[in-house]
Amino acid sequence: MIKISKYGPVTRFDLARNLIGRGRYWTTAYLLGSIMIDTGCAHTSLELQSALSDNQVSLIVNTHTHEDHIGANSIFQRQYPSSDIRAHPEALKILEDPRRNQPLQLYRQLFWGWPEASSATALSDGEWIETNQFRLQVIFTPGHSPDHLCLYEPNHCWLFTGDLFVGGKDRALRQGYDIWGVIESLKKVAALPINCLFPGSARVRSEPAVELAAKITYLEDLGAKVIDLHQRGFSVHEIARLTCGGPMLVEVITLGHFSRQHLIRSYLA
């Protein structure tokens, strides 16, 4: 499934696999001039390709290499042979062979699918990507993944956050995330003048400073509670229940790969 919306010169593509008549676990890609920011998941790659049939894509930038953000890389690389894919240096190995270098649990295969291999060149922290219309600064923002980056357009004060910021109050985390890294990366981008925040899923934010500050405060306050309970001798499972509530549906769907306990362990790591 695909939904297309416009925010001035930014085209947003919300993408999800159709399961039982509904889109499940949406992800988002953006087109800015001839620059594609992320490419959705493998299950929606042909739909995205069709939607972009009249647009020339000269450059793809991946915010990170999770399968719901790189799924159409290979299709665009074949469709636009002169186009380039750029990503964090730590992303290149995964992009070369996602099946070997980023195994997927069953729920990830079901909702997003296996990406095909693609070749990319490495970006540097602080590097500028420039076209006739736009300038995007690369900002390394590890935490959600080691290879995560954001893109900042200073003339319009736009920030493309990938999955660094998607809103809400986190009560669970996927195995392998670094919650303290997320907090530091959020602080890094929150220091920028931002008028509009374009996340890798969830709604576009028109008051990003307020929402970024609230997110940072929530995560830091939660971390303080977790550490206090740990120092008082509570177990990970007890801390998870006291700070994040009871069992969650996402824990069942992911067979525990995404859980309250992983969030608590990340705070304590």
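The values are calculated or read from the model by the stated rules, or taken from the named source; none is laboratory data. As the structure is a prediction and not an experimental result, all values here were calculated from the model. Using ideal geometry, Cβ is built from the backbone for each residue, glycine included, and neighbour counts are taken over all protein chains shown.
Per this entry, Glu67 is counted among residues that are closer than 20 Å to Ser145 by Cβ, of a type in the set (D, E, K, R) and surrounded by fewer than 24 Cβ atoms within 10 Å (Cβ to Cβ).
Conditions (1) closer than 28 Å to His156 by Cα; (2) of a type in the set (A, V, I, L, M, F, W, C); (3) out of contact with any helix residue (DSSP H, G or I) (no Cβ under 8 Å at 6 or more places or on another chain), marked per residue:
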{"residue": "Arg12", "(1), (2), (3)": "yes, no, yes"}
{"residue": "Ser50", "(1), (2), (3)": "no, no, yes"}
{"residue": "Asp54", "(1), (2), (3)": "yes, no, yes"}
{"residue": "Ala87", "(1), (2), (3)": "yes, yes, no"}
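Please work out which residue is surrounded by the most Cβ atoms within 10 Å (Cβ to Cβ), limiting yourself to the stretch 38-58 and to residues that are in contact with a strand residue (DSSP E or B) (Cβ under 8 Å, 6 or more places away or on another chain) and farther than 15 Å from Arg17 by Cβ. For the stretch 38-58, the residue satisfying everything is Asp38. Taking every residue in the stretch 152-172 that is surrounded by fewer than 20 Cβ atoms within 10 Å (Cβ to Cβ) and pairing it with any residue that is aromatic (Phe, Trp, Tyr) and outside any strand (DSSP E or B), at least 6 positions away or on another chain, the pairs with Cβ-Cβ distances below 9 Å are Asn155/Phe134; His156/Phe134; Lys169/Tyr218; Asp170/Tyr218. From the list Leu229, Leu219, the lone residue that is part of a helix (DSSP H, G or I), in contact with a helix residue (DSSP H, G or I) (Cβ under 9 Å, 6 or more places away or on another chain), farther than 27 Å from Tyr107 by Cα and of a type outside the set (Gly, Ala, Ser) is Leu229. Of the residues that make up the stretch 95-108, is at least one of a type in the set (D, E, K, R), in contact with a Ser or Thr (Cβ under 7 Å, 6 or more places away or on another chain) and either buried (at least 17 other Cβ atoms within 10 Å of the Cβ) or in a strand (DSSP E or B) (or both)? Taking every residue of the stretch 95-108 in turn, none turns out to be of a type in the set (D, E, K, R), in contact with a Ser or Thr (Cβ under 7 Å, 6 or more places away or on another chain) and either buried (at least 17 other Cβ atoms within 10 Å of the Cβ) or in a strand (DSSP E or B) (or both). Looking at Ser74, Ser82, Ser50, just one residue is without any contact (Cβ under 8 Å) to a residue 12 or more places away in the chain, over 18 Å from the mean Cα position of the chain (by Cα) and outside any strand (DSSP E or B), and that residue is Ser50. Out of Ala191, Ala202, one residue alone is modelled with pLDDT of 95 or more, among the small types (Gly, Ala, Ser) and within 30 Å of Thr39 (Cβ to Cβ). It is Ala191.
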